[in-house]
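A.B. asks: Let me begin by handing over the structure; questions about it come next.
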Amino acid sequence: MEISNKSVREYSDWFTVDGIDEDTYCISEYRHWEETHCYLLKGNERSLLIDTGLGIRNIYEAVMKLTDQPVTAAATHIHWDHIGGHEYFPDFCAHREELCWLDGGFPLTLDTVKEMVTDRCDLPADYDVNTYRLFQGIPARVLEDKDEIDLGGRIIEVLHTPGHSPGHMCFLDKGRGYLFTGDLVYKDTLLAYYPSTDPEAYLASLEKVAALPVNKVFPGHHSLDIQPELLVRMRDAFRQLKADGKLHHGSGTFGYGDWAVWL
Ligand SMILES: [Zn+2]
Ligand SMILES: [Zn+2]
């Protein structure tokens, strides 16, 4: 099964693949309530996989149907639902601020993560959650703000965007005006209440991404129907929360129609 037409929407028993353009694909997991999206970006020499999903099914097999290039993986951040397939990609990158989460320091227990894996999920009949492991490892490359990932004729810029997590990164494909936002920006309830989140840093990151020249926004979860104006609306709402003295942990959940934030 070779997918080359951008209009193709391909279903396997687990992954849904949408062609964004002839060199860019979205690989989604709609059978879990989080509706996680990973993105495969092809250059002339190599491909970049942004996030590797839930780890319930083997994303490597899905990726190998889309490219025969060497693949570098880069998670937007080291949360379980973005590193599930990292074990298949030894050439992976991570931000300096989250290296400890790849080395025994992740703040949730394995049992808690397993509950999140099975929560509101139409699991494959043959899947045994007891086989689930939280990925740990040493990245081939440590990333920092403004680094570039060169795919050959296609440069992807790294943006350090903390707030949801300390080492969260967005990835900017300047040539095409694509911004991959991970868990910083999506249409649902943004999470900024965990101890490891930082509401003030969240605002600073939204200031950063809302100022970028972007044509399309590709989130880590939920609806793919996102226009760049959402970045501005989120930034403005966070600015208002700050002005109202509510931009801190424990102040509540605030809804804005097509998105919300839990502080
Ligand atoms: Zn996350
Ligand atoms: Zn996530």
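FYI, it's all coordinate maths here, none of it is from the lab. If you're wondering where the values come from, they're calculated on a predicted model, not measured in any experiment. Cβ sites come from the backbone with ideal geometry, for glycine too, and all protein chains shown count toward neighbours.
A.B. asks: Assuming Leu108 fulfils every condition listed in (1) within 30 Å of Asp23 (Cα to Cα); (2) free of Cβ contacts under 8 Å to residues at least 60 places away in the same chain; (3) out of contact with any strand residue (DSSP E or B) (no Cβ under 9 Å at 6 or more places or on another chain) apart from one, which condition is it?
C.D. replies: Of (1) within 30 Å of Asp23 (Cα to Cα); (2) free of Cβ contacts under 8 Å to residues at least 60 places away in the same chain; (3) out of contact with any strand residue (DSSP E or B) (no Cβ under 9 Å at 6 or more places or on another chain), only one is false for Leu108: (1).
A.B. asks: When segment 170-192 is examined, which residues are found to be within 12 Å of ligand 1 (Cβ to nearest atom) and touching a Gly at 6+ places or on another chain (Cβ under 8 Å)?
C.D. replies: Matches in segment 170-192: Thr181, Gly182, Asp183, Leu184, Tyr186, Ala192.
A.B. asks: Let me confirm something: among Ala201, Ala211, which residue is among the aliphatic types (A, V, I, L, M), closer than 13 Å to His77 by Cβ and more than 12 Å from ligand 1 (Cβ to nearest atom)?
C.D. replies: Ala201
A.B. asks: If I filter segment 136-158 for residues that are under 17 Å from the mean Cα position of the chain (by Cα) and closer than 21 Å to Val261 by Cα, do I get at least one hit?
C.D. replies: no
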